[in-house]
1. Quick check on the stretch A:241-267: of everything there that is within 11 Å of chain B (Cβ to nearest Cβ) and basic (Lys, Arg), which residue is farthest from B:Phe219 (Cα to Cα)?
2. Looking at B:Gln150, B:Gln86, B:Gln80, which one is open to solvent by less than 30 Å² (accessible area, probe 1.4 Å), at pLDDT below 95 and more than 24 Å from A:Tyr332 (Cα to Cα)?
3. Scan the stretch B:199-208 for residues that are surrounded by fewer than 19 Cβ atoms within 10 Å (Cβ to Cβ) and outside any helix (DSSP H, G or I) and jot them down.
4. Mind listing just one residue for me: the one in the stretch B:174-198 that is out of contact with any Leu (no Cβ under 8 Å at 6 or more places or on another chain), facing chain A (nearest Cβ under 10 Å) and part of a loop (DSSP other than H, G, I, E, B) and, of those, most open to solvent (accessible area, probe 1.4 Å)?
5. Step by step: first the residues of the stretch B:42-79, then only those that are within 14 Å of another protein chain (Cβ to nearest Cβ) and part of a loop (DSSP other than H, G, I, E, B), then the one that is nearest to the chain's Cα centre (by Cα). Which residue is that?
6. Show me the helices (runs of 4 or more DSSP H) entirely contained within the stretch B:209-299 in which 2 or more residues are among the acidic types (Asp, Glu).
7. Look at B:Ala159 and say whether it is away from chain A (no Cβ under 13 Å) and in contact with a strand residue (DSSP E or B) (Cβ under 8 Å, 6 or more places away or on another chain).
8. Return the total of residues in the stretch A:337-353 being open to solvent by 100 Å² or more (accessible area, probe 1.4 Å) and facing chain B (nearest Cβ under 7 Å).
Amino acid sequence: MESANDYFDIWLKSQELVFGNLTEMTQKFQQGLQGFGGNVGGMPGFGGFQDVYTSWTKSVMNALQGRGPADMNFVKETLSKTLTGSTAYQKLHEIWLPFFKAIQEKNASPNFYKDLTDPAKFKEMLDHVFGFDPTAVSQIVEQASKLLETLAGYSQGFMKPWVDAAGKSSKDFPNMMEGHPESAMKIFHSLFSAFDSTIGRVFHVPAVGKDREKIELLLRSLDDLSVYLAKRTEYEHTMYVTGLGAFEKVIATVADKVSKGEEFERFDEFFDLWIDVSEKAYYALFQTQDFSKMQGELLEISVQVRQHSFKLMELYLYDFPIALRSEMDDLYKTVYDLKKKVKSLEKQLGKAHS
Amino acid sequence: MKSQVKNFNVHNFIKELGELNTKLIKGTETLAAIDEIDVGTAPKELVYEEDKLKLYHYKQKGKVTCGVPVLIVYALVNRQYILDLQPDRSIVRNLLQHGMDLYIIDWGYPTKSDMYLTLDDYITGYLDHCVDFIRKRAGKDKINLMGICQGGTFSAIYAALYPKKVKNFVAMVAPFDFSTNDGLLFSWAKNLNIDSLVDTYRIIPGDFMNSGFLMLMPFTLNIRKYVDMLDMVEDREKLLNFLRMEKWIFDSPGQTGECLRQFIKDCYQGNKLIKGELRVGDRLVDLKNITMPLLNVYASADHLVPPAATRPLNDAVGTTDKTLYEFKGGHIGLFVGSKSQKELAPTLAAWLHKRDGEDQTKASAKPESTRTEKAGRTTSDRKRNL
């Protein structure tokens, strides 16, 4: 139970942090409520509340990093999902609260609400729903760029266009992550022109051994990656646009209720409405052939990236005294065939004896 | 139009948010105090093992009133313990109480060494070996087959290939006609390049499958479910039940590549089973060979296996004793819903009891008492009977 004790020690420490944050949160919460009458739309108190909430969830998750008993990892996963779920809920709150304030003061027109939407918060909320992680892709590219730089060191400048292209691309990432497909295409073109001015020529020169093969494969992987990023941006863009459409429907429903003088007592009413409308909007999208095709293409490209990286890994590991993936595949096939043969012979023998 | 009325109780909204966070804190405490999530607790005995497959026999505390054993064949996707998720929501316990003699297959968690396993290996290999083992152990020529979800499709193929070994066939929420696009999985699978996927992964990760399932209802399954969970955090039992279901949902074995390749290509994309064009190994599968009584159960609100994929089996089989049973609910509700326990399980038991006639001839094998007998003439450490 040593690991469990460790876990609870960590947990206890986190509780102290939690209580500290709670005290702070309560104070800010009170301030928020006190200032509520005059300035809900501006949300000074609410902003503080959010900060404390965020720091609390972070401290809890940090505390849960320690190892625990058998099912503890699973419990931690559930907690993590719960926090993700409630963070999305929180984000929804952040998006809606300015509306609630404004709706009591301005015209109840859907366009007005639309103008109030903060795209960054909206995107962040949908990222929580679909598990999009914009930083993950950036990290991959950053890593790939570093690798290119390292390679450039011993490939006598051959890689320079690629390093430059990767550098240019990284500048376009923030835009791409905001859902601008043209940024992804820019990255693609930049990488393609690098490809054209280097590998394109190299194909016509004599082979220089395994190193060249590795570089080619790496560049091929990067090429695939850029195609993947373009497709992924298109995919995410479709998701965001659909989410926004659903959001507008929610706004229209709210506006309708407001115009009838109906009251919303609880935030959960909005929450339910938003979930139902969004679920329907995405279901309609997911049902289309276009979406199904796009998803299939995205998956295939991502698989190609992986395939090339596996090959690359094999090339690098070839000289080491370890079994490679393809060699293991052959081994598994042999074992499979042999087992099948043995089972068949056992069956025949059993029949013969009976 | 100018809105002067107070349409939003913002004070309440903020208070609600505070309450949510209070619940979250309490929930974290309750969750941290839980160190074990028990599932599949109905007493059972391991009776047969082959590679990663395990065959269990449930212990019957009462009297067996249905003489023909029932073999439950679950899908390769997710785990079979959904049928015994918690003691008060257990199809298994329910059927045992109704006098059934139950066996269940646990397919296990495949690793890369299993990547070459085909549909043929699962059906004419593992499944057939389990059926033969039970026939021999029970001293019966035929057994009852209860196939669930993908396991129902496997069972239908098996029943068509080996009709002489199956006394009654029960299919539950299993797909047979894949031409429909009613379910999103059916539509998505048609644009999936399964060759690339299998050639790359060999064993398709369970997480990959799960992300597809979560996409079916992303807002409900990623947000609402967890926010709703916070309403029950103070009730440990309710929370445990929630966690049991969570455990099942995310307990997803990988899928053996070659088997999935054929299943996607021939079933989801080619719809060969219902058309009578499916080949398993070197044999053509003709559903008309299903001449034993059939009970086909579908769920009216099934978003994973829509009724349109399930119902057509009854028109494709050769038997005249066929029953189509509609369960009013969803795919998962069919296993753990209270209605399922009250209505479905007793219906299954009654249907099987009614067809439990003594037309069985004793198999040449020894009766049940020979529990330690070897299944094969030669038994290796990889294949043994317990």
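The values are calculated or read from the model by the stated rules, or taken from the named source; none is laboratory data. Computed from a prediction, not measured in an experiment: that's the story for all the values here. Every residue, glycine among them, receives a Cβ derived from its backbone with ideal geometry; neighbour counts consider all protein chains shown. The accessibility values were calculated without ligands, DNA or RNA, using every heavy atom of the protein model including side chains. Shrake-Rupley method; radii C 1.70, N 1.55, O 1.52, S 1.80 Å.
1. The residue in question is A:Lys260.
2. B:Gln86
3. Selection gives B:Pro205 alone.
4. Filtering the stretch B:174-198 for residues that are out of contact with any Leu (no Cβ under 8 Å at 6 or more places or on another chain), facing chain A (nearest Cβ under 10 Å) and part of a loop (DSSP other than H, G, I, E, B), the one most open to solvent (accessible area, probe 1.4 Å) comes out as B:Asp182.
5. Only one residue fits best here, namely B:Arg79.
6. Once the helices (runs of 4 or more DSSP H) in the stretch B:209-299 are filtered for at least 2 residues that are among the acidic types (Asp, Glu), what remains is B:236-250.
7. Yes; evaluated as a whole, the condition is true for this residue.
8. The number of residues fulfilling the criteria is 1.
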